1. How far, in nm, would the chain grow between Leu59 and Gln148 when pulled straight, counting 0.36 nm per residue and subtracting the alpha carbon separation?
2. If you stretched the chain out fully between Leu48 and Ala188, how much longer would it get, using 0.36 nm times the residue separation minus the C-alpha to C-alpha distance?
3. Can you put Val10, Val142, Val18 in order of accessible area, largest first, using a 1.4 Å probe?
4. Could you work out how much longer the chain between Ile158 and Val206 gets when fully extended? Use 0.36 nm per residue separation minus the Cα distance between them, nm to one decimal.
5. For region 191-204, just list the computed ³J(HN,Hα) in residue order, Karplus coefficients 6.51, -1.76 and 1.60, θ = phi - 60°, integers in Hz, with x standing in for Gly and Pro.
Amino acid sequence: MNLDTLLVFVLASLALAVIPGPTMLLALSNGIDGGMRRASWGIVGASLGSSIVIAVVALGLGSLLAASEWLFNAIRVAGVAYLVWLGIKLWRSDATDLGAALAKSSPESRLHGRIALLRSLAVALSNPKSLLFFAAFLPQFVDIAQPQGPQYLLLGGIFVLLDTCVMLAYAGAGTQAVRWLSRRGLKALNRGCAVGMWLLAATLAVWRRPGA
């Protein structure tokens, strides 16, 4: 893969990563409610989900989803329901003090971390738009005259790395918000994340497969 192609991919991936999506909103909310420790668990889940989606595309299974209307709609409905549920959870959650969050017992902290991981993983895997997007986006940068497996591994690794860095920035912004905003301000920010989840759910609900 030549350097120019790789540079274009990096710039395009970075531009896509900074656009707020459900995993970014979760990173921000986790940073508010549980500090960087909980947010880091969620970021691991989101990155794992993206890696699985990219692996599915590399194996050629993205075309199966594009061809199967039933499978696409089943995943889409599940994704919409899950985003709506997450929005409700974020809307109802109380903004916690960062010091109190960090002072929680280790077992409780690990439990919240695992919940954050599973939530972010579920979000990443229940959005058929992501799978179809990667199925359309990644092949544009793959040289079919060369072995494709290593190329998908490189491109996927770069995308996940950039996406992880952006999520860390969102989570960091959440932890800083705890220090600078009042409890009312933090609750408003959490509810803003909830509204974002509902808007993304509405977008996914009305979205149709290309060519459908």
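The values are calculated or read from the model by the stated rules, or taken from the named source; none is laboratory data. What you see is a predicted model, and the numbers here were worked out from it, not measured in a lab. Note: accessible area is taken over every heavy atom of the protein model, side chains too, but ligands, DNA and RNA are not part of it. Shrake-Rupley method; radii C 1.70, N 1.55, O 1.52, S 1.80 Å.
1. 31.0 nm
2. 47.4 nm
3. Greatest to least solvent exposure: Val18, Val10, Val142.
4. Fully extending the segment from Ile158 to Val206 adds 14.2 nm.
5. Whole-Hz 3J(HN,Hα) from phi for region 191-204: 5, x, 4, 5, 4, x, 4, 5, 5, 5, 5, 5, 4, 5.
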